[in-house]
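A.B. asks: After the structure tokens below, expect a handful of questions from me.
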Amino acid sequence: MIWKKSPFVLAIVWMLLGQLFWSPSYSIGQAFLMLLLGLSYAELGVYCFVALTGMARERKARALSLALLILAVLALDLSIMMLPLMPAIRGIVAIVVATLQCTVAFRASHFTWPLMMSAAPPAESRAKQHILSRYPLLRKEIYFLTRFKDMFPLLIILCLLQLFTYYSAVDSPIIIPIGAALLVWLVSDVWVTSSFINEGRGLALYTVTLDAWHRLLRAKWLFYGAIGISASIVHTLVWQSRIAWSWTAGSVSELCAQSLLLTSTFVSFSLLAGYHFTTQGRISLPAQLLITLCMFLLIYLQQAHLVLFLFVSTAIQLGFYRLYRRVPSSLPVKFSI
Amino acid sequence: MEKNIALSLQLKQVSYAYGGKRILHNIDWTLQGGEITVLLGPNGAGKTTLLHLLAGMKPTQQGSILLNQQVVHWQDQQYKKRIGYMMEFPFQYPFLTVIEIMRLIGQLRNVSPDQLEESIQYWLKHFLLESYSNYPIGTLSQGTARRVALASQLLHEPDILLLDEPTNGLDPDQVMIVRDTLQQYCSRGALILLSTHIIGLAEKLSHQAAILRNGRLVYAGKSAEDLESLYVASK
């Protein structure tokens, strides 16, 4: 439910922003103040979001001014965090603004709770409003993607990876492309490999015709490919910018091409491996270790022997094409009808 | 769907075995378009296997299946496009809503978007599912989920409809809706084959009947008013 999740999402976004912008010169106390600032903004943000949704539904003119106001508060918070202020002044201003935000959020909660209660509709109308309702294939993949058991370890590893890059990127810039490759590996290993297993008996739905089989594989490939490429590009751009990377059209297109090559190879490999082990019933621990080992080897090849990587990538893509062009003749017992 | 009385589906000497155990023995049988055929038989008689073979979910090990006198390969996509198959335990993602699962199945069957929306609305109304359209499948009763499964298989207007125990878990009102739907659909020329344990339903619904025992077709012919005695006599 978006109402319940939004404060946490805002808090996570805030922490990530903080991680990107806080310089090492910040003390623990200052970092704590910034976190307080972020959390109070998250509280305020969620109540404003509820009010905005209600206003937008009733087409009230005040919706725009409230949206602008909340953006202005965000700008103020970011300025407090980023402007070169004296630590004492930054601390005092942060305390004042955080207190104001908490007070306003508390007052706003009185007005928005009735709206929130009326906006929490019964199951049927909530689903009606689901924006992905017209794209059930995509909605299904997003559901698998956001399940806690996969999401939680991924977020933890993601945060650790970003923290590691934060401390080492300036001294060893090579960490950045390796980090991007590791991100693509994470996406592939956690989500893509298990995506066939996640389907369970649903896999039988896609074997009714060749078109259905094509649709399934295309949807998975494009969806996870888009996530991998975006993660890789954003990671590289953000960290390269941090160590004063000069942007040129050539370097950006090279980055896009590399991300595309790496992600397409990983996604094809993961889908192939996932399908292969699904036909055996499950992905056992040794199989999982083998997949991870192969992926590390792929990262190594991509970093150290690009030509060899290209050969391996072509072989993997051909393997994926073979899987794509025919409906599989046999599925394991637990996944068949 | 075009009226297609000339449609015929034929099984010629079809046999099938799992491991060493023979499930179907030399089945010779012809089904006609515009008729509802009921397949009766005790549990384990081979009814579901026979439906799987007809739906192209498995290859025949011996014998062949012919559509309008032409042999069809079990993975023939043109043949599969003409089939709607409701399984005994139909799979539906529990987190998708009724309308979403219908959209998914319609999209997988390549129904054009406009036609799909129209068709979904038609079948939702027909099966009295309109009020459930935005409920997740996992929250529905077994009977309602079964009606959704049947409606989903009609979206692409198949001319061969295979139904494995379609009335399991349905209350008498729902059974009547399904019965009327099948009769109406059949009158448009479709070939309908359903397996059931409910002899009363079979008597009221079917034009043809078949009894399968231990993998052998012991009766195939006109449906009788007293199917029960025929069934008992076939032991």
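A.B. asks: Could you tell me whether residue A:243 is surrounded by 19 or more Cβ atoms within 10 Å (Cβ to Cβ) and either touching a residue at least 40 places away in the same chain (Cβ under 8 Å) or more than 24 Å from the chain's Cα centre (by Cα) (or both)?
C.D. replies: On the way: surrounded by 19 or more Cβ atoms within 10 Å (Cβ to Cβ): no; either touching a residue at least 40 places away in the same chain (Cβ under 8 Å) or more than 24 Å from the chain's Cα centre (by Cα) (or both): yes.
Here the answer is no, as residue A:243 does not meet what is asked.
A.B. asks: Still on this model: Could you tell me which of the residues B:63, B:41 is modelled with pLDDT under 90 and either within 26 Å of residue B:181 (Cα to Cα) or of a type outside the set (Asp, Glu) (or both)?
C.D. replies: Numbers: B:63 fails: modelled with pLDDT under 90.
When all the criteria are applied, what remains is B:41.
A.B. asks: I would also like to ask the following. Of the residues A:180, A:88, which is out of contact with any helix residue (DSSP H, G or I) (no Cβ under 8 Å at 6 or more places or on another chain) and at pLDDT 80 or above? Before you say what the answer is, go through the steps one by one.
C.D. replies: Details: A:180 fails: out of contact with any helix residue (DSSP H, G or I) (no Cβ under 8 Å at 6 or more places or on another chain).
The unique qualifying residue is A:88.
A.B. asks: Let me ask something else. Checking the conditions here, which among B:143, B:106 is more than 9 Å from chain A (Cβ to nearest Cβ), farther than 19 Å from residue A:212 by Cβ and assigned to a helix (DSSP H, G or I)?
C.D. replies: Values: B:106 fails: farther than 19 Å from residue A:212 by Cβ.
Selected residue: B:143, the only one of B:143, B:106 that is more than 9 Å from chain A (Cβ to nearest Cβ), farther than 19 Å from residue A:212 by Cβ and assigned to a helix (DSSP H, G or I).
A.B. asks: Conditions: (1) within 14 Å of chain B (Cβ to nearest Cβ); (2) loosely packed, with under 14 Cβ neighbours inside 10 Å. Residue A:155 meets all but one. Number of the miss?
C.D. replies: (1)
A.B. asks: Which one of the conditions (1) under 18 Å from the mean Cα position of the chain (by Cα); (2) more than 14 Å from chain A (Cβ to nearest Cβ); (3) open to solvent by 10 Å² or more (accessible area, probe 1.4 Å) does residue B:90 fail to meet, given that it meets all the rest?
C.D. replies: Residue B:90 satisfies all of (1) under 18 Å from the mean Cα position of the chain (by Cα); (2) more than 14 Å from chain A (Cβ to nearest Cβ); (3) open to solvent by 10 Å² or more (accessible area, probe 1.4 Å) except (2).
A.B. asks: Same structure, new question: Tell me which residues, restricted to segment B:176-235, are part of a loop (DSSP other than H, G, I, E, B), open to solvent by less than 50 Å² (accessible area, probe 1.4 Å) and more than 25 Å from residue B:7 (Cβ to Cβ). Give the steps one after another, and end with the answer.
C.D. replies: Going residue by residue through segment B:176-235, those that are part of a loop (DSSP other than H, G, I, E, B) are B:187-190, B:196-198, B:206-207, B:214-215, B:223-226, B:234-235.
From the residues that got through so far, the ones that are open to solvent by less than 50 Å² (accessible area, probe 1.4 Å) too are B:189-190, B:196, B:206, B:215, B:223-224, B:234.
Across segment B:176-235, the qualifying residues are B:215, B:234.
A.B. asks: Looking at segment B:111-164, which of its residues are among the polar types (S, T, N, Q) and open to solvent by 40 Å² or more (accessible area, probe 1.4 Å)? Break it down into steps so the answer makes sense when it comes.
C.D. replies: Restricting attention to segment B:111-164, the residues satisfying the condition of being among the polar types (S, T, N, Q) are B:112, B:115, B:119, B:121, B:131, B:133-134, B:139, B:141-142, B:144, B:152-153.
Hits for segment B:111-164 are B:112, B:115, B:121, B:131, B:139, B:141, B:142.
A.B. asks: Sticking with this one: For segment B:103-117, give me each residue that is more than 15 Å from residue B:157 (Cβ to Cβ) and among the charged types (D, E, K, R).
C.D. replies: B:103 - this is the single residue of segment B:103-117 that is more than 15 Å from residue B:157 (Cβ to Cβ) and among the charged types (D, E, K, R).
A.B. asks: Which residues, counting only those in segment A:197-214, are in a helix (DSSP H, G or I) and within 7 Å of chain B (Cβ to nearest Cβ)? Talk me through it step by step, then tell me what you get.
C.D. replies: So the first thing to find is which residues in segment A:197-214 are in a helix (DSSP H, G or I), and the list is A:197-207, A:210-214.
Hits for segment A:197-214 are A:201, A:202, A:204, A:205, A:206, A:210, A:211, A:212.
A.B. asks: Is there any pair linking a residue in segment A:124-144 that is more than 7 Å from chain B (Cβ to nearest Cβ) to one that is surrounded by 14 or more Cβ atoms within 10 Å (Cβ to Cβ) and modelled with pLDDT of 85 or more, with Cβ under 6 Å and at least six apart or on different chains, and which?
C.D. replies: Short answer, once both residue conditions are applied: A:132/A:139; A:141/A:223.
A.B. asks: For residues that are in a loop (DSSP other than H, G, I, E, B) and either open to solvent by less than 30 Å² (accessible area, probe 1.4 Å) or touching a strand residue (DSSP E or B) at 6+ places or on another chain (Cβ under 7 Å) (or both), scanning just segment B:51-77, find the one that is farthest from the other protein chains (Cβ to nearest Cβ).
C.D. replies: Of the residues in segment B:51-77, the ones in a loop (DSSP other than H, G, I, E, B) are B:56-61, B:68-69, B:72-76.
Those left that are additionally either open to solvent by less than 30 Å² (accessible area, probe 1.4 Å) or touching a strand residue (DSSP E or B) at 6+ places or on another chain (Cβ under 7 Å) (or both): B:56, B:60-61, B:68, B:72, B:75.
Numbers: B:56: 8, B:60: 13, B:61: 14, B:68: 20, B:72: 14, B:75: 6 Å.
Of everything passing the filter in segment B:51-77, B:68 is farthest from the other protein chains (Cβ to nearest Cβ).
The rows are residues; the columns are (1) outside any loop (DSSP other than H, G, I, E, B); (2) closer than 25 Å to residue B:124 by Cα; (3) touching a Ser or Thr at 6+ places or on another chain (Cβ under 9 Å).
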position	(1), (2), (3)
B:10	yes, no, yes
B:13	yes, no, yes
B:79	yes, no, no
B:89	no, yes, no
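The values are calculated or read from the model by the stated rules, or taken from the named source; none is laboratory data. The structure displayed is predicted, hence computed values, not measured ones. Glycine also receives a Cβ, built like all others from the backbone with ideal geometry; neighbour counts cover every protein chain displayed. Remember, those area values only see protein heavy atoms, side chains included, never the ligands or the DNA or RNA. Shrake-Rupley method; radii C 1.70, N 1.55, O 1.52, S 1.80 Å.
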